[in-house]
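Asks: Take this structure first; my questions come after.
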Amino acid sequence: MDLWNWLEYAAWALSALFGLYMVVDWLKTDSSYSEDVLTSSREGELEAMTEEEHRG
Amino acid sequence: MAHYEPPKQGKASQLIDVIVLVILTVGALFVPLWMGMAGAAKTVAAPIENATWEALGQTPAQAAQYEALGYTPESAHDLILARFDYSFSVGALVAMVVVILLYYFLILRFSDIEYREVISEKFGQK
Amino acid sequence: MMTDTDITSPVMDGMGPHGTKVGLLRVLGPAHVWALGVGIVLVGEYMGWNFAVGKGGAYAALIACWFAGILYTCVAMIDSEVTSTVAAAGGQYTQAKHIVGPLMAFNVGLYLVFAYTMLEAANAITAGYLFFVVAQMSGHAGDLDQRPFIILVIMFLAWLNYRGVLATLTFNLVITAIAFVAILVLFVSTSGILGGGIMQHAALFEGHELPYGWIGVLAAMHFGLWYYLGIEGTTQAAEEVRSPARALPFGTLAGIMTLLIAATLTWYICSGVLPWEFLGDGVNGAVAPLFSTAQLAGSTGLVWLLGFGTLFATLASANGCINDASRAWFAMGRDKYLPGWFGAVHPKYRTPYRSIVFLVPIALIFALGAPLDQVITFSILSGLLEYTFMPLNIIMFRKKWPLNSIKRGYEHPFHPLPALTLLALCGITFFAVFLGYGTQLVAMIGFYIVVSLWFHFWRYRFVNRGTQFTMPWPKPQGY
């Protein structure tokens, strides 16, 4: 066992940690917000906003 | 133009669509690989025995760089002599051109049909 | 409308009048756009471009470098004009949807996702290999297992992307700048500008000027694209920059200029030190040509600098690819071109988190299961199909909406010359790919034909017809 063997284990562990973080946060987010809010993003917000500014 | 109301897609159906796409994608990459059609390999047409830098077509300046990189004439033999084969048949070239043109024709045709529908719904029929 | 929004709330500030409760965050400046574009591409100077040398010799690689440079200058000009008008996540996908039509848009969206996801896989493979080499150099007994490092690269960058776009691209800005400076430092310290030069172009080219003749120059175009592949990804940030009409053209055009300089310098440095047979073999010879050049320069400092440069370039590229692929996937989900579930934005981090997470295993499949040249070819082919779409796109754009009908943030000069040049260069590159990877080209187009039929006859029924056209433009001419 030299340094690189330890680094291999560390890489596995860190990968698992990052993966776990994303999955846990994803499930938590999905359960605490309604689907309507999460998927409410629409294309073209910017154009619509500049249009309104010009009108106003 | 009547307003088109798309059906709402259920969870299961969404999942099936994703699986279909993933299978197609992975297939597109791995099927040519499994069928052994992947890539153009370099080959050594005429190997040289007891290679020297001169026999490999290297000037002293070039040989010096190879030695700096840690090569000997023997270990550099394959690296230096391997060549691609650029010969091709006209039939294969024509087939490729036809496939590409067919593909773009297909998409542009279908896109145009769909696009006219989008425009007439968005801007109304004149 | 007023009841479900609250401007002081971070999650429901009611951005825009269309009912978006949670949208992407508009926080980026031109420097981030530059970092996104150059960051993805710069890895191409650290590895991969030298396959072009193998295809036709050093001169062929230089000719390919400049012709591909022209190709990408056309791409950047055309892209800047369209995207300064169509500023939405999804980039070319959204452009195609508004200008050519839904099926084209679906295909373009897939080109984008594949080109970037494959490039991300290629970067992770290269990073894993770097760790392997460093372990060997430091005297590690036995072979290092590359898999945990490949997975770590993808996981860490996906996590960074998941957590927010500003940190992601600021990180990219820093490491891209270091990688670019490393090339400059290597140039000044080996070319004779500072201290003794080690360049010997004439001596190394002697007798090997064009080893395959002129067909080698054509064949080199295939990997000539690799010098610049991905610069068009700047448009994916459109929904997250503060002033897209200004920042996108500026960042993109500054990016292509940076790359033209970096590509030419890289060619000059490497071909002046490494013999072409070694340089041109990216598998058994120069895997990382700039790094190999630094090793021959005989300075430990340069070796370290270029080692880190190579690592940073692969990380920056993979990072940008995750950003771009997930934006394209997200945009398609939002329009129901793909299941609508993907069109979600994280309420706190304001990123397309489901698309980011979904693409992680896809990238891992390719990074762990396919050989590098295969993955690169898949990426280049998707890119090439995309560049062939661009001239069609701009010609239709100018025809349907002439210059006086809508205001553009940037108008590219000499139309239609750039479009026709781009089309001709794409034709040449198709031929170059045909010379080496003809069967894959056909297999891949077969794939796109199958998914196109799937989309037209099945998937498109879930898409809203009129409302997917979101730009406040007048009716196109001729309809």
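Only the coordinates and a few stated rules stand behind these numbers; no lab work does. This structure is a prediction, so every number in the text was calculated from the model and none was measured. Neighbour counts are summed over all protein chains in view; Cβ atoms, including those assigned to glycine, are modelled from backbone coordinates with ideal geometry.
Asks: Can you tell me the Rg and the Dmax, both Å, for the Cα atoms in chain C?
Replies: When restricted to the Cα atoms of chain C, Rg and Dmax are 22.2, 78 Å.
Asks: Also: May I ask for the angle, rounded to the nearest 10°, between helix C:30-46 and the longest principal axis of chain C, with both axes built from Cα atoms and the value confined to 0 to 90°?
Replies: 40
Asks: What is chain C's relative contact order, in percent, from Cα pairs under 8 angstrom and six or more apart in sequence?
Replies: About 32 percent, as a whole number.
Asks: Let me ask something else about it. How well do other chains shield peptide C:95-108, expressed as the mean number of their Cβ atoms within 10 Å of each residue Cβ?
Replies: Whole-number average of other-chain Cβ neighbours for C:95-108 is 5.
Asks: Based on DSSP H runs of at least 4 residues, each adding -39500 (n - 2.57), what is the mean residue ellipticity at 222 nm of chain C after dividing by all its residues, to the nearest 500 deg cm²/dmol?
Replies: -22500 deg cm²/dmol
Asks: With a point put 7 Å past each Cα toward its Cβ, work out how far residue B:48 is from residue A:24 in nm, to one decimal.
Replies: Here the modelled spin labels are 6.3 nm apart.
Asks: Roughly how compact is segment C:310-446, stated as its Cα Rg over 2.2 N^0.38 Å to two decimals?
Replies: So the Cα radius of gyration is 1.30 times the expected 2.2 N^0.38 Å.
Asks: Compute the helix-to-body angle for C:372-400: its Cα long axis versus the longest principal axis of chain C, expressed 0 to 90° and rounded to tens.
Replies: The angle comes out near 50 degrees.
Asks: Moving on to the next point. Can you figure out the FRET efficiency of residue B:18 with residue B:87, using R₀ = 45 Å and their beta-carbon distance, to the nearest 0.05?
Replies: About 0.60, to the nearest 0.05.
Asks: Would you tally the net charge around residue C:287, using a Cβ to Cβ cut-off of less than 15 Å, leaving residue C:287 out, and scoring K and R as +1, D and E as -1? If you can, show how the numbers build up before the last one.
Replies: On the way: positive: none; negative: C:45, C:277, C:281, C:373.
Charge balance in the 15 Å sphere: -4.
Asks: Ok, one more. Could you give the size of the charge dipole of the protein assembly as shown about its Cα centre, using +1 on the Cβ of each K and R and -1 on the Cβ of each D and E, expressed in debye and rounded to the nearest 20?
Replies: On the way: 34 positive and 45 negative charges, 411 e Å.
My answer is approximately 1980 debye.
Asks: Here is a follow-up. Any idea what diffusion coefficient the protein assembly as shown gets from Stokes-Einstein, in µm²/s, Kirkwood Rh on alpha carbon pairs, 20 °C, 1.002 mPa s?
Replies: After rounding, the answer is 84 µm²/s.
Asks: If Lys and Arg each add +1 and Asp and Glu each add -1, what is the summed charge of the other residues whose beta carbon sits under 15 Å from the beta carbon of residue C:59?
Replies: After counting each charged neighbour, the total is -2.
Asks: Taking θ = phi - 60°, what integer Hz values does the Karplus form 6.51 cos²θ - 1.76 cosθ + 1.60 yield along segment C:128-139, in sequence order, with x for Gly and Pro?
Replies: Each residue's phi maps through the Karplus curve to give x, 5, 4, 4, 4, 5, 4, 4, 5, 5, 8, x Hz.
Asks: Which one, C:31, C:374, C:220, projects farthest toward the positive side of the charge dipole computed for the protein assembly as shown from Cβ point charges (K/R +1, D/E -1)?
Replies: The listed residue farthest towards the positive side: C:31.
Asks: Any chance you could give the angle, 0 to 90 degrees and rounded to 10, that helix C:244-271 forms with the longest Cα principal axis of chain C?
Replies: In chain C, helix C:244-271 runs at an angle near 10 degrees to the longest axis.
Asks: Here's a follow-up. Packing-wise, with mean Cβ within 10 Å as the measure, how do B:63-75, C:57-69, C:95-107, C:287-299 rank, highest first?
Replies: Going by the mean number of other Cβ atoms within 10 Å, highest first, we get C:95-107, C:57-69, C:287-299, B:63-75.
Asks: A further question on this structure: Taking H placed 1.01 Å from N in the peptide plane, check which residues at least 5 places from residue C:28 or on another chain put their amide H under 5 Å from its amide H.
Replies: Here C:241, C:242 satisfy the definition.
Asks: Now for a separate question. Answer rounded, prolate or oblate for segment C:276-328, using the Cα gyration tensor with square roots of eigenvalues a ≥ b ≥ c: rounded when a/c is under 1.5, else prolate when a/b is larger than b/c, else oblate.
Replies: Oblate, since a/c reaches 1.5 and b/c is not below a/b.
Asks: If you scale each eigenvalue of the Cα gyration tensor by 5 and take the root, what three semi-axes come out for segment C:414-479, rounded to whole angstrom and sorted largest first? List each step's numbers first, then the result.
Replies: On the way: eigenvalues 194, 117, 10 Å².
Equivalent-ellipsoid dimensions as semi-axes: 31, 24, 7 Å.
Asks: For chain B, list the DSSP H helices whose alpha carbon atoms reach 30 Å or more along the long axis and whose average Kyte-Doolittle value is -0.5 or above?
Replies: B:11-34, B:90-123
Asks: Which one, C:195, C:293, A:15, projects farthest toward the positive side of the charge dipole computed for the protein assembly as shown from Cβ point charges (K/R +1, D/E -1)?
Replies: Value computed over the given set: A:15.
Asks: What average count of beta carbons from other chains do you get within 10 Å of the Cβ of residues in C:440-452?
Replies: Taking all residues of C:440-452 together, the mean is 6.
Asks: Modelled label-to-label distance, residue C:214 and residue A:6, 7 Å Cα→beta-carbon offset: nm?
Replies: 6.2
Asks: Within 10 Å of each Cβ of C:161-172, how many other protein chain Cβ atoms are there on average? Display every interim value, and only then the final one.
Replies: Working: counts 1, 5, 3, 0, 0, 0, 0, 0, 0, 0, 0, 0.
Counting Cβ atoms of other protein chains within 10 Å of each residue's Cβ and averaging gives 1.
Asks: Let me ask something else about it. Using the basic label-point model (7 angstrom from Cα toward the beta carbon), what is the residue B:99 to residue C:70 distance in nanometres?
Replies: Output for this residue pair reads 2.8 nm.
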